[in-house]
Each structure stands twice: as structure tokens, then as C-alpha cells.
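Below is one structure, written out as C-alpha cells; comments come after it.
The values are calculated or read from the model by the stated rules, or taken from the named source; none is laboratory data. Keep in mind that what you see is a predicted model, and the values were worked out from it rather than measured. Backbone-built Cβ (ideal geometry, glycine too); neighbour counts: all protein chains shown.
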Amino acid sequence: MGVSTNGILYFGIELGDEEDVCFPWDDFVDEENDVYVEDYVAHKLGVDEPDVPYEGNEALYSKCWEEKCNAIKATGCEVDYHGSSACMMYYITLTAKHFTARRGYPTEIRPKDLEVTEEQKEQLKKFCEIIGVEWKEPKWMLASYWSE
């Protein structure tokens, strides 16, 4: 067990931390009262988990998981977080403009990787509308994530 620190560079919208902000997915919880942002986003995209017990329906849940992942991937956007597991600070980013350098593994970022088109900004804006997040002008942000 050790400490992990990651550098994160993304083009997107900073949402803040769990203590300061009410997120649209805060009321979207499972039976253990855990929030899964991916489930919320998939729900907003029209993909929900089956309404049957998991046991005996594993294949159905596996298919649903694949559908959720594909639906989210098709948006070209994602919700992620920086900070730490004790204090997650969420952000929305374009998947193609989201870079992580894990401790001990440098990541090359070329100048052309930092180019953002108007189409991509519109893609991000549409994603915000779908998941119910207020639009703010996106920016390049440099952040970090620390975990034990």
C-alpha cells in the first residue's frame, strides 16, 4: 500500500467539491445510498439498469453495463474528479482533451493535442444540457489527484 499522485490536464468545466455544490446526481443513489455518476449519466441518456435482481440475471446486467459504457462513450464527454477520494472535486471534460500522468509515468502532450474546435465546445455544451449542469465557458485546467 502506498501513496499515488496523478497530474490531470483537461479542457472542461470545474464543478467544485462535494461539500460546496449540489450536483444533479446527488439524489441518484443505489440501495446502499452510494452515488454512481456513470449510472446517472447513463440514465439521462436513456439507459437504465434492469429492474430485476442481479442474481440469475448476470448476462442481462452485463449487457446493460456494455450499453451504458457505449452510450457515455458516444457523447465524447465525461464526468470525473480530482482532489482525493476523501474530497472529490468534480469536473466535466471532453474525453479527447483529458490527460492523466500517473506517478512515475510521464505523459507526452503535443501542442496539437491542446487545440479545441467549436464543434467540441458544442459537444461539451450539449452534454451539460443532457445531464443538467449549468453551462460555463470551458477552460484548460491543471489539477491533481491524491490517494492512499
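Before moving on, here are some points about what is shown:
- Exactly one residue out of VAL79, VAL116, VAL47 is within 15 Å of the chain's Cα centre (by Cα) and surrounded by 12 or more Cβ atoms within 10 Å (Cβ to Cβ), and it is VAL79.
- Take the conditions (1) hydroxyl-bearing (Ser, Thr, Tyr); (2) surrounded by 15 or more Cβ atoms within 10 Å (Cβ to Cβ); (3) assigned to a helix (DSSP H, G or I); (4) at pLDDT 90 or above; TYR40 misses just one of them, which is (4).
- Any hit, the stretch 76-97, residues being modelled with pLDDT of 85 or more, in contact with a Lys or Arg (Cβ under 9 Å, 6 or more places away or on another chain) and either of a type in the set (A, V, I, L, M, F, W, C) or over 24 Å from PRO138 (Cα atoms) (or both): yes
- Residue satisfying condition, being touching a strand residue (DSSP E or B) at 6+ places or on another chain (Cβ under 7 Å), loosely packed, with under 15 Cβ neighbours inside 10 Å, outside any strand (DSSP E or B) and basic (Lys, Arg), within set LYS73, LYS136: LYS136
- GLU118 passes every criterion in (1) over 15 Å from ASN6 (Cα atoms); (2) touching a Leu at 6+ places or on another chain (Cβ under 6 Å) apart from (2).
- Scanning the stretch 88-115 for residues that are assigned to a loop (DSSP other than H, G, I, E, B) and touching a Leu at 6+ places or on another chain (Cβ under 7 Å) yields a count of 1.
Results for (1) closer than 19 Å to GLY16 by Cα; (2) free of Cβ contacts under 8 Å to residues at least 24 places away in the same chain; (3) touching a strand residue (DSSP E or B) at 6+ places or on another chain (Cβ under 7 Å), shown as yes or no for each residue.
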residue: MET89; (1), (2), (3): yes, no, yes
residue: ALA96; (1), (2), (3): no, no, no
residue: ARG102; (1), (2), (3): no, no, yes
residue: ARG110; (1), (2), (3): no, yes, no
residue: GLU119; (1), (2), (3): no, yes, no
residue: GLU122; (1), (2), (3): no, yes, no
residue: LYS125; (1), (2), (3): yes, yes, no
residue: ILE131; (1), (2), (3): yes, no, no
residue: MET141; (1), (2), (3): yes, no, yes
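- Any chance GLU66 is in a helix (DSSP H, G or I) and within 11 Å of the chain's Cα centre (by Cα): no
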